[in-house]
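Participant: Can you read through this structure? Questions will come right after.
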Amino acid sequence: YWERLVSVNSNSGVLHPVVHTHPISKRKSVWLHLGMTGAVIERTPSGSLRLLSAEELKKLCRDYQELMQNGLKNGYTIKYEYENGDCIIIDNLAVGHRAAPEAHRPPQEQGLRIMHRVTVKAVEDFAPPFGLPQFMDISGPNPFENSDGGVWQGGGLGFRWDENIHMQN
């Protein structure tokens, strides 16, 4: 099911397949931004495109969150405590990452947090499948006529899949 899904970034409108094949290792990876997903497009078994409903998107996000949590429990993820001067390099096409909840506390509580991020150009374009474009106007009207009730939410932090999780980017 996840291989039929493409997420749309709520700020940029960039499309990403939820499951992709890493261009070098050829291993399958799962990618979903829990804080900045404005829509998820499904290619149905019949080949049509539709948006996931709010309930379907909530379930997808919860399932992805559970996958990340299981990684912490089962030892295939790490929790890293940053120190001054640290330099961490990750493969953004294959490594899921998220900030700890305490990273979103106000600066008065945790101190000033300054991070720099560098992105290296991929060896090939990360094109979405199913003939979809690289970008869509997420701030514009829902382009899928057959998606009554589908989530299409641009700007800010994207779709709020769990009101009990404080998120900010």
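Participant: Enumerate the calculated ³J(HN,Hα) couplings along the stretch 121-126 in order (Karplus 6.51 cos²θ - 1.76 cosθ + 1.60, θ = phi - 60°), each rounded to whole Hz, writing x wherever the residue is Gly or Pro.
Facilitator: Those phi angles translate into 4, 5, 6, 8, 4, 8 Hz.
Participant: Treating only the Cα positions of the stretch 85-137 as identical point scatterers, give the base-10 log of I(q)/I(0) from the Debye formula at each q in 0.15, 0.24, 0.29, 0.32 Å⁻¹.
Facilitator: Those come out to -0.72, -1.10, -1.27, -1.32, one per q.
Participant: Counting only residues 5 or more places away or on other chains, whose amide H sits under 5 Å from the amide H of residue 37 once H atoms are built in the peptide plane?
Facilitator: HN-HN under 5 Å from residue 37: 10, 159.
Participant: At a 1.4 Å probe radius, which order do 6, 118 fall into by accessible area, largest first?
Facilitator: Ranked list, largest accessible area first: 118, 6.
Participant: Using a 1.4 Å probe, how large is the accessible area of residue 135, given in Å² and rounded to the nearest 10?
Facilitator: The value for residue 135 is about 130 Å².
Participant: Next question. Using a 1.4 Å probe on the protein heavy atoms, what percent of the accessible area of the chain belongs to carbon and sulfur?
Facilitator: So the carbon and sulfur contribution to the accessible surface is 53 percent.
Participant: Rounded to the nearest 10 Å², what accessible area does residue 137 have for a 1.4 Å probe in the complete protein model?
Facilitator: My reading of the accessible area for residue 137 is about 110 Å².
Participant: Accessible area of residue 31, 1.4 Å probe, to the nearest 10 Å²?
Facilitator: So the heavy atoms of residue 31 present about 60 Å² to solvent.
Participant: Here's a follow-up. Per the Cauchy relation, a quarter of the hull surface: what is the mean projected area of the convex hull of the alpha carbons in the stretch 9-52, in nm²?
Facilitator: That works out to 3.9 nm², a quarter of the Cα hull's surface.
Participant: Taking only pairs that are 8 or more places apart or on different chains, how many Lys pairs in the chain have Cα atoms under 27 angstrom apart?
Facilitator: 13
Participant: I've got another one for you. Roll a 1.4 Å probe over the protein chains and send me the accessible area per residue for the stretch 65-130 in Å².
Facilitator: 89
Participant: Still on this structure, please answer the following. Using every Cα-Cα pair within the chain, state what percent have a distance larger than 29 Å.
Facilitator: 23
Participant: A further question follows. Based on DSSP H runs of at least 4 residues, each adding -39500 (n - 2.57), what is the mean residue ellipticity at 222 nm of the chain after dividing by all its residues, to the nearest 500 deg cm²/dmol?
Facilitator: -4500 deg cm²/dmol
Participant: With a 1.4 Å probe and all protein chains in place, put 119, 44 in order of accessible area, largest first.
Facilitator: The ordering from most to least exposed comes out as 119, 44.
Participant: Go ahead and run the numbers for FRET between residue 142 and residue 105, Cβ-Cβ distance against an R0 of 25 Å, rounding to 0.05.
Facilitator: E(calc), rounded to 0.05, equals 0.10.
Participant: What is the chain's relative contact order, in percent, from Cα pairs under 8 angstrom and six or more apart in sequence?
Facilitator: 37
The values are calculated or read from the model by the stated rules, or taken from the named source; none is laboratory data. Owing to the predicted nature of the structure, the values given are computational and were not obtained by experimental measurement. Cβ: placed from backbone, ideal geometry, glycine included. Neighbour counts: every protein chain shown. The area values use the complete protein model at the heavy-atom level, side chains included, leaving out ligands, DNA and RNA. Shrake-Rupley method; radii C 1.70, N 1.55, O 1.52, S 1.80 Å.
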